[in-house]
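Comments concern the structure below.
The values are calculated or read from the model by the stated rules, or taken from the named source; none is laboratory data. Note that the coordinates shown come from a computational prediction; the quantities given were computed from them, not determined experimentally. Quick reminder, even Gly has a Cβ in these numbers, built from the backbone with ideal geometry, and neighbours come from all protein chains shown. All accessible areas refer to the heavy atoms of the entire protein, side chains included, with ligands and DNA or RNA removed. Shrake-Rupley method; radii C 1.70, N 1.55, O 1.52, S 1.80 Å.
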Amino acid sequence: KIKIFEQTDFDRLLWLDTDVVMGRNVDHLFDRLDNVSERTVFTQKDDWFCRGGKGKPCTAMCSGVLLFKPNTQVAADMVTLLDSYASQKCPLGDQRLMASYFNGKGNYSIKWFEDEVVSFSKCNWKSDLTHYAFAEVPGYR
């Protein structure tokens, strides 16, 4: 997934994992990058328990939906960060790696998509993007 940041033939990219279903046109999301720093990423909240902003705020990102401006240095920095974890028995998955990078060395501003834009299917919210996960994917066994 790190390779997506190298796609500099594009000014902006919206990454959707293969278990994300689009219910409506989301072209308008690209406009969110108009008046923000180059070092901004929009992402789905990792709101697995469907709190929807109620109670403790969600502070974890989900890498299943990402909106960003491609930058080859980001990909190179993430590979370096990943290499630094190589000696661990259980290295970071892509989601934790990206969160570690964006919150740390990358010094990125992370902005959350609203629940109306993207949510996990188990939440039963009417979102533009529905993120199925694990055994929630229709037809998955």
Total residues in segment 15-40, condition crowded, with 16+ Cβ neighbours inside 10 Å, in a strand (DSSP E or B), out of contact with any helix residue (DSSP H, G or I) (no Cβ under 6 Å at 6 or more places or on another chain) and not hydroxyl-bearing (Ser, Thr, Tyr): 2
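Filter segment 76-135 for residues that are part of a helix (DSSP H, G or I), of a type in the set (A, V, I, L, M, F, W, C) and without any contact (Cβ under 8 Å) to a residue 12 or more places away in the chain; which is most open to solvent (accessible area, probe 1.4 Å)? Give the steps one after another, and end with the answer.
Restricting attention to segment 76-135, the residues satisfying the condition of being part of a helix (DSSP H, G or I) are 76-84, 94-103, 121-123, 134-135.
Pick out the ones that are also of a type in the set (A, V, I, L, M, F, W, C) and you get 76, 78-79, 81-82, 97-99, 102, 123, 134-135.
So of that shortlist, the ones also without any contact (Cβ under 8 Å) to a residue 12 or more places away in the chain come out as 76, 134-135.
Values: Ala76: 47, Phe134: 160, Ala135: 76 Å².
Restricting to residues being part of a helix (DSSP H, G or I), of a type in the set (A, V, I, L, M, F, W, C) and without any contact (Cβ under 8 Å) to a residue 12 or more places away in the chain, the top hit is Phe134.
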Return only the number of the condition from (1) modelled with pLDDT of 90 or more; (2) more than 11 Å from Leu67 (Cβ to Cβ) that Cys50 does not satisfy. (1)
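Residue-wise test of (1) touching a His at 6+ places or on another chain (Cβ under 7 Å); (2) among the aromatic types (Phe, Trp, Tyr); (3) closer than 23 Å to Lys105 by Cα.
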site	(1), (2), (3)
Gln7	no, no, yes
Val20	yes, no, no
Arg24	no, no, no
Phe30	no, yes, no
Val36	no, no, yes
Thr40	no, no, yes
Gln44	yes, no, yes
